[in-house]
Each structure stands twice: as C-alpha cells, then as structure tokens.
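Reviewing the structure listed below.
No lab work stands behind these numbers, since they all come straight from the coordinates. As the structure is a computational prediction, the values presented were derived from the model and not from experiment. Note that we place each Cβ from the backbone using ideal geometry, even for glycine, and neighbour counts take in every protein chain shown.
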Amino acid sequence: MQRTRHVFLMCPPEFFDVSYIINPWMHGNVRKIDNALAKKQWRSLYDVLCDLATVRLVLPQPGTPDMVFTANAGLLRGNTFLVSRFRYPERQAEEPYFADWFMDRGFDVTLMPRDMPFEGAGDALFDRGGNRLWMAYGHRSVLASKAKIEKCFDTEVVPLKLTDQRFYHLDTCFCALEGGNFIYYPPAFDAASQKTIEKRIPAAKRIAISEEDALAFACNAVNAGKTLVVNRASAAFVADLGAKGYDVVQTPLTEFMKAGGSAKCLTLRLDEPAPA
Ligand code: ARG
C-alpha cells in the first residue's frame, strides 16, 4: 500500500546566526556559526527530506536569525494554525512572518493572547495514533496556554513539565513516532510527568534513550513513515529503533546545534491530519 507523502515546511538559513543567548546551547557560540557549513548541512537535510516527503519553504527574513527553526512557527492540525507567542522578545519578530505565510495559503489562523508564551510544535506534539496532544511547559511555553490549545484544536492535551535547561523544548527530548512508538529522555521531565508518560504509553511502545543520544538531539527526529532523520545517534539507538522496524538516517547539523536545534526543529509538519 502506498503511504501518503508528508509535507514539511522549512526556512533556508540565509540569515541564520547565533546573535543572542536564550538557551544553554547558545553560550559561547555568539557569532561562531560557519555560514558556509550551516548552508551545506541545511541543504543535506533538505535533500534527505525531499526524497521522503514534500518540502515547502518560507522566505527567510533579515533580523530573525532563529527563523530557520520552523517547528516553533506555531501548531498546525488540519487547516487550523495557532501562531506561536515566543517567550523571548528576540524571536517575537518571527510571529507575523509565519502568520502571513499561513494566512496567505488559506489556513484558519488563530493568535495566542499576548501574555501567553507558547512555542508551537517545539512544545506540542500530536500523538501519531490518536487525538491527543503532548504539551510541555516549564521553560518556554506556559501551562496557562493549555486551555487555549484545547479550545482551538478540540483535543485532549497532556501537559508535561520540563526541568532540565538543556532540553528546553518538548521536541528536544520526546518524539511520537508513526506506528505508535515513542522515544524520550526521561530525566528531562519532572517525576510526575515521567509517571504520566509511563501510565499513558505502554512499556513496549516507549524507548528511553541515553544521555549521550539525548545530547546529540536523537529525540529531535523528523519521522516520515518508518524513517527517522536525526543529527547523530549511537549504535545502540540505531539498533533499538531497527528492532522496531525503523531506519535511522544521520545527517550532521552541528552548526544548528550551536543554536540549540537540529533536524526536527528545522521542520514543521504541514499535513497533520484533522481527526475524522
Ligand atoms: N535558538 C532557538 C531557540 O532557542 C532554537 C530553537 C530550536 N527549536 C526547537 N523546536 N527545539 O528558540
């Protein structure tokens, strides 16, 4: 059976840089990006994804060095797009560019209230199987945004609290895979959230990854069918995923790691199906 081809949104790294510090990965990296290498790495990810899916582009904008991380544009499902409200002023200039892109293409665009930080698909991930949204708070998004998200998407929202600064977005430490499996790094969550995950996801469907893999952003995976595209992963990770029928494609994204992001952060899935 032919599976549907996914669609992802990316933003070319024309103006990508580390020009401020809003997460621990950025420390020591201000103005340390090798631009030629960043462009080459971004292009390799783009090429890998074009083989697996359709990739659409948003025009990069000067003065928005983190706009490459389209996962943070907002949260999308079906035709509904909820625009992010960035916690830090450094990224707030991206909001209208993303809102315009979706508005111009006929999506139903909703804005978050001004005082309610919510960083889109960086902090909110739909279950591949069901009508459930995993949402993180603690660093960037606030728990108070939950009600707005529930209303906007008419979905159950499961809040998870992040506690480790290095894993400041949900997509840095948690990934819902097609086929109903999950990869995650448990110590990034508080004890109650770890329990929530254990209660909601059967043990056979959960893969807890090592700190080494977590720090290489192996959870920050772009999943299309049975393929996972990541920056880097250990042999153990590749074997664990292989045992569940997944292929792991590694494509180095070291320049983007200096800004605290990798494969999944550089994409936003545009074909998230609306519930029947
Ligand atoms: N420098 C960006 C920030 O701190 C990186 C964003 C990474 N995106 C993600 N979805 N994890 O906001």
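Adding -39500 (n - 2.57) for every DSSP H run of four residues or longer, then dividing by how many residues the chain holds, sets the calculated 222 nm ellipticity at -7000 deg cm²/dmol. Counting only DSSP beta bridges whose two residues both lie in the range 7-269, roughly 45 percent are antiparallel. Roughly speaking, what is the centre-to-centre gap between the range 99-142 and the range 50-74 when only Cα atoms are used, to the nearest Å? The two parts, judged by their Cα centres, are 15 Å apart. Extension gain, ASP190-MET103: 0.36 nm per intervening residue step, less the Cα-Cα distance, totals 27.6 nm. Seen from every direction in turn and averaged, the convex hull around the alpha carbons of the range 161-276 projects onto 7.5 nm². Could you tell me what % of all Cα pairs in the chain have separations over 27 Å? Here the tail beyond 27 Å accounts for 32 percent of pairs. Based on the inverse mean of 1/r over its pairs of different Cα atoms, what is the Kirkwood hydrodynamic radius of the range 7-123, in Å? This gives a value of 15.0 Å.
Take every DSSP beta bridge whose two residues both sit in the range 121-276; close to 45 percent of them are antiparallel. Annotation: amide H-H contacts under 5 Å for LEU270 (H modelled 1.01 Å from N, sequence separation of 5 or more, or interchain): VAL7, PHE8, LEU9.
When you restrict to C-alpha pairs under 8 Å that are six or more residues apart and normalise by the size of the range 81-213, the relative contact order lands at 19 percent. Annotation: extensible slack from SER44 through ASP271 equals 79.5 nm (criterion: 0.36 nm per residue apart, minus Cα-Cα distance). Taken about its Cα centre, the range 7-269 carries a charge dipole of about 340 debye when Lys and Arg each add +1 at the Cβ and Asp and Glu each add -1 at the Cβ. What's the extension gain from ASP154 to LEU37 if we count 0.36 nm per residue and subtract their Cα-Cα distance? Working it through step by step, the gained length comes to 37.9 nm.
Over the range 107-170, the ratio between the Cα radius of gyration and 2.2 N^0.38 Å evaluates to 1.08.
Using 1/(1 + (r/R0)^6) with R0 = 41 angstrom and r between the beta carbons of ALA236 and THR54, what's the FRET efficiency to the nearest 0.05? According to the calculation, E is roughly 0.80. Remark: C-alpha extents of the range 157-208 on the principal axes read 29, 21, 19 Å, sorted largest to smallest.
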